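Encoded as structure tokens, the structure appears first; notes follow it.
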């Protein structure tokens, strides 16, 4: 077991905590003195964060991970950060590629929120989902990703309404370019014959206009705080005006 949280500490669960936004967010909550669980498929979470191996696209793995996170009887904050991206022409995306993106980016948050719900209700906790600017505005050559993130954005809004009688807040952040390992490899996986008439939106995702992971992490911390107690169903565009 991890340390037993005091009355002042919250239990925070973060997916994708081994890198990028998830890693930075885990550090921020840890530095606030919270009891933090970091879920990922690799164990490189920040020091002081309890690592739990979890494939977020697997219900069995998610249920087992949440059971461990809720060992003290509650979950105060769930941050769904884990995500992957798939670029390619629509007609060339395989069923396996499409399913993998949906499993991590949309099914994963669905499974985690559903599994965590009894423990969130035990302490009127709250949820922050990391969606994407691609869920708000058209992104060519990223149709599987856009579909998943658009779905996550609407899932956030719908669940916020449904859970309002339980005083559970559900919000989403839609980042633009974030300086993460995923973005650093974007240029190398673009289709080689991009149509210049539609490629500009993708080129805006290249490093050089990137947001830092800690900036997104700070927004997650805020949305999960008492200062944001009146914010639910919000979809925060964090994209420098891209949308």
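Data table
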read-out: Among (1) in contact (Cβ under 8 Å) with a residue 60 or more places away in the chain; (2) in a helix (DSSP H, G or I), the one test that residue 78 misses; value: (2)
read-out: Lone qualifier among 103, 26, 61 - being more than 15 Å from the chain's Cα centre (by Cα) and part of a helix (DSSP H, G or I); value: 61
read-out: Subset tally (residues that are under 18 Å from residue 12 (Cα atoms) and crowded, with 20+ Cβ neighbours inside 10 Å) for segment 66-86; value: 10
read-out: For residue 45: the one exception among (1) touching a helix residue (DSSP H, G or I) at 6+ places or on another chain (Cβ under 7 Å); (2) buried (at least 22 other Cβ atoms within 10 Å of the Cβ); (3) in a helix (DSSP H, G or I); value: (3)
read-out: Lone qualifier among 10, 89 - being surrounded by fewer than 15 Cβ atoms within 10 Å (Cβ to Cβ) and touching a residue at least 60 places away in the same chain (Cβ under 8 Å); value: 89
read-out: Unique match (being under 24 Å from residue 36 (Cβ atoms), in a helix (DSSP H, G or I), in contact with a strand residue (DSSP E or B) (Cβ under 8 Å, 6 or more places away or on another chain) and touching a residue at least 40 places away in the same chain (Cβ under 8 Å)) among 83, 108; value: 108
read-out: Single match in 171, 129, 167 (criterion: exposed (fewer than 15 other Cβ atoms within 10 Å of the Cβ) and at pLDDT 70 or above); value: 167
read-out: Condition met for residue 24 (in contact with a strand residue (DSSP E or B) (Cβ under 8 Å, 6 or more places away or on another chain) and in contact (Cβ under 8 Å) with a residue 12 or more places away in the chain); value: no
read-out: Lone qualifier among 75, 93 - being touching a helix residue (DSSP H, G or I) at 6+ places or on another chain (Cβ under 6 Å) and farther than 21 Å from residue 159 by Cα; value: 93
read-out: Boolean, residue 17 is part of a loop (DSSP other than H, G, I, E, B), within 21 Å of residue 153 (Cβ to Cβ) and at pLDDT 95 or above; value: no
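The values are calculated or read from the model by the stated rules, or taken from the named source; none is laboratory data. Not measured: the values here are computed from a predicted model. Please note: Cβ atoms are built from the backbone with ideal geometry, for glycine as well, and neighbour counts cover all protein chains shown.
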